Amino acid sequence: MRKLLSLVLVLVLTLGAVAAFAESKGKVAGVVFQEDQFMMLLQMGYKDAAEEAGYEFFPANTNNDAAKEFEFINTYVDQGFKGIAISPISEEASIAPLTAAAAQGLKIALSNSSLGGLDWMIACYTSDNYNLGNSTGKIAAEYIKKNFPADQTVNIGILQFKTLLPEQSSARSSGFMDAVKELPNVVIVDDQDAWLQDKAITAASDMLTAHPEINILWSANEGGTIGSTMAIKNAGLAGKVVSFGTDAGEQMADLILSEDNILQAVTGQDPYNIGVLTMKALIQEIETGNFEQRGELIIVPGVVLTREDPVATQTFKDNFIKMTTGGN
């Protein structure tokens, strides 16, 4: 009897799995290129939109490895995937494999980088990188006016990610510098590349040692912002040097709410909704062949967190935690 019951249970489970697979509309993938909160939320957006629409979803992370990206894309073509939503590594690395995959019928929607707007692109959802930097730059400019005499030189160090994504990094840094350079007493004394947290701590520490006159550090992404803020704290410069940055997440909110008064403000993207909208565009194209904004670069508004508004920052943090933990 036990053997019979076990056999029945296995049969039921197997049939259930087969039925679930049969109900799937097909396979789609979501590809990111880094392990951080932004990419985690982007991937979550891909997943939720795909599964809500009835597709079997496969996540992937290239970890900034062009060979991995190439391998993933070829696998999706070989295994008959309906399409992919992807945040590509760079124009140099990503255009050729994606163009080849599109020629073989793979549908492709992009996040964060339009790769120059190629004709196979369904759409690209992204933030306005110039405005991300410019928004924080305007807050930094107000901070400078409030906290420094007009005749005192304010020295700023910058951390970017130019060697990773040159177009995005340059747009963010240009936006920031255009805002602060409207003040006559601002000087950019150093500009380095360091976008991962550990490397950013080292780069920012070295920058502070080489340029003890620095008053402000600004960073173009999450890892750089966290790293530069920690470098200031580690150097015992809290109260003497402050930081500003880009991207928003739980740790960034905690740093703004911290009593150490180092991180003053960030302008963050909305990666979850970027992911959702990218995947929805992909699925609409798969199902209808007629995504209404085909080929367009579509801007998703960002969010500003400041030390001046701790209530809004705490609310953002609470909502962020609910979203990333499923409401627990």
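The values are calculated or read from the model by the stated rules, or taken from the named source; none is laboratory data. Source: prediction; values computed, not measured. A quick note on method: Cβ atoms are made from the backbone with ideal geometry, for glycine too, and the neighbour counts reach across all protein chains shown.
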Going through (1) more than 26 Å from Thr325 (Cα to Cα); (2) not in a helix (DSSP H, G or I) one by one, Ala265 fails only at (1)
Of the residues that sit in the stretch 118-142 and are more than 16 Å from Thr225 (Cβ to Cβ), touching a strand residue (DSSP E or B) at 6+ places or on another chain (Cβ under 7 Å) and not hydrophobic (A, V, I, L, M, F, W, C), which one is surrounded by the fewest Cβ atoms within 10 Å (Cβ to Cβ)? Asp128
For Glu35, all conditions in the list (1) at pLDDT below 95; (2) in a strand (DSSP E or B) hold save one; what is the number of the exception? (2)
Only one residue in Ala220, Ala210, Ala179 is small (Gly, Ala, Ser), assigned by TED's automatic domain parsing to the domain that holds Lys145, over 17 Å from Ala140 (Cα atoms) and modelled with pLDDT of 95 or more, so which one is that? Ala210
Is it the case that some residue within the stretch 283-306 is touching a helix residue (DSSP H, G or I) at 6+ places or on another chain (Cβ under 9 Å), in a helix (DSSP H, G or I) and farther than 30 Å from Trp120 by Cα? no
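Residue-by-condition table, conditions (1) in contact with a Pro (Cβ under 6 Å, 6 or more places away or on another chain); (2) at pLDDT below 95; (3) outside any loop (DSSP other than H, G, I, E, B); (4) of a type in the set (Val, Ile, Thr):
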residue: Tyr76; (1), (2), (3), (4): no, no, yes, no
residue: Ser94; (1), (2), (3), (4): yes, no, yes, no
residue: Leu118; (1), (2), (3), (4): no, yes, no, no
residue: Asn134; (1), (2), (3), (4): no, no, yes, no
residue: Gly137; (1), (2), (3), (4): no, no, yes, no
residue: Gln168; (1), (2), (3), (4): no, yes, yes, no
Residue by residue through the stretch 239-252, note down the ones that are touching a Phe, Trp or Tyr at 6+ places or on another chain (Cβ under 6 Å) and buried (at least 24 other Cβ atoms within 10 Å of the Cβ). Phe244, Asp247
Just one of the numbered conditions (1) in contact with a strand residue (DSSP E or B) (Cβ under 6 Å, 6 or more places away or on another chain); (2) touching a residue at least 60 places away in the same chain (Cβ under 8 Å) is not true of Val32; which one? (2)
